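Student: Here you go, one structure.
The values are calculated or read from the model by the stated rules, or taken from the named source; none is laboratory data. Predicted model, so just to flag it, every value in this text is computed and none were measured. Note that we place each Cβ from the backbone using ideal geometry, even for glycine, and neighbour counts take in every protein chain shown.
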């Protein structure tokens, strides 16, 4: 008797679960209906829930124009929701779209969003910069492959910001080498920074610390040459007064 009751409970439970699955309101929607609801949710900032509707629309019509749009909107919803993990997932979804529909008229936008998904995960200058370099490559691809698109100019602007971070990262490494008394390594790092990132906004700071490392190495002529360059190119720099104090 107890065994029979047990089976009845199990069957009743399974029946309830099955009924609940078939009554999922999203599953009853057409692709068009799911798209409309998803877009309305995005307007209200409910990206997570909107993503479920877009995913359903894609699964209903994966090969239609609406299905392609739905897949792209899944990626957009992840990006819009924000957060490191969502940006990572968004990048994967954009790449999925790129692989499925390589000739899409949205290709420039998709490549730009891949780059932005990487850019949003760029770390501070004192941390590992591998993501920064990947973001640069992705933005470069936008410019190379879609030079006349509206996203090419935006990519150039974003590249400028990322390169400032990379330059600051190189400066931090140079300072660290100096503190470890690896003065030649510091000089090499500063020289690389000045050559690779001539647009760095704090070049005078780099020149000042390059001079310090050169002076410790007793490379007098080179130090004097860099000082002359600093005075000529950065006459209003706050580091000039510090140079004067070093000379005393």
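Student: Kindly check whether there is at least one residue in segment 62-71 that is under 23 Å from residue 121 (Cβ atoms), surrounded by 19 or more Cβ atoms within 10 Å (Cβ to Cβ) and either in contact (Cβ under 8 Å) with a residue 24 or more places away in the chain or in contact with a helix residue (DSSP H, G or I) (Cβ under 7 Å, 6 or more places away or on another chain) (or both).
Tutor: Yes; the residues of segment 62-71 include at least one that is under 23 Å from residue 121 (Cβ atoms), surrounded by 19 or more Cβ atoms within 10 Å (Cβ to Cβ) and either in contact (Cβ under 8 Å) with a residue 24 or more places away in the chain or in contact with a helix residue (DSSP H, G or I) (Cβ under 7 Å, 6 or more places away or on another chain) (or both).
Student: Sticking with this one: Failed condition for residue 39, given (1) crowded, with 18+ Cβ neighbours inside 10 Å; (2) at pLDDT 95 or above; (3) more than 30 Å from residue 132 (Cβ to Cβ), with all others met?
Tutor: Every listed condition holds for residue 39 apart from (1).
Student: Next question. Is it the case that segment 238-247 has a residue that's at pLDDT below 95 and assigned to a loop (DSSP other than H, G, I, E, B)?
Tutor: So far as segment 238-247 goes, yes, one or more of its residues are at pLDDT below 95 and assigned to a loop (DSSP other than H, G, I, E, B).
Student: Tally up the residues in segment 200-219 that are more than 14 Å from residue 183 (Cβ to Cβ) and exposed (fewer than 14 other Cβ atoms within 10 Å of the Cβ), please.
Tutor: 1
Student: Next question, about the same structure. Take segment 117-141 and flag every residue that is buried (at least 20 other Cβ atoms within 10 Å of the Cβ) and farther than 23 Å from residue 81 by Cβ.
Tutor: Correct list: 129, 136.
Student: Does segment 165-185 contain at least one residue that is more than 22 Å from residue 123 (Cα to Cα), modelled with pLDDT of 95 or more and surrounded by 19 or more Cβ atoms within 10 Å (Cβ to Cβ)?
Tutor: The answer is yes, given that some residue of segment 165-185 is more than 22 Å from residue 123 (Cα to Cα), modelled with pLDDT of 95 or more and surrounded by 19 or more Cβ atoms within 10 Å (Cβ to Cβ).
Student: Okay, moving on. Is there a residue in segment 145-160 that is in a helix (DSSP H, G or I), more than 30 Å from residue 71 (Cα to Cα), at pLDDT 95 or above and out of contact with any strand residue (DSSP E or B) (no Cβ under 7 Å at 6 or more places or on another chain)?
Tutor: Yes, segment 145-160 contains a residue that is in a helix (DSSP H, G or I), more than 30 Å from residue 71 (Cα to Cα), at pLDDT 95 or above and out of contact with any strand residue (DSSP E or B) (no Cβ under 7 Å at 6 or more places or on another chain).
Student: Hey, could you check segment 186-209 for residues that are free of Cβ contacts under 8 Å to residues at least 24 places away in the same chain and assigned to a helix (DSSP H, G or I) and say which is farthest from residue 126 (Cα to Cα)?
Tutor: 195
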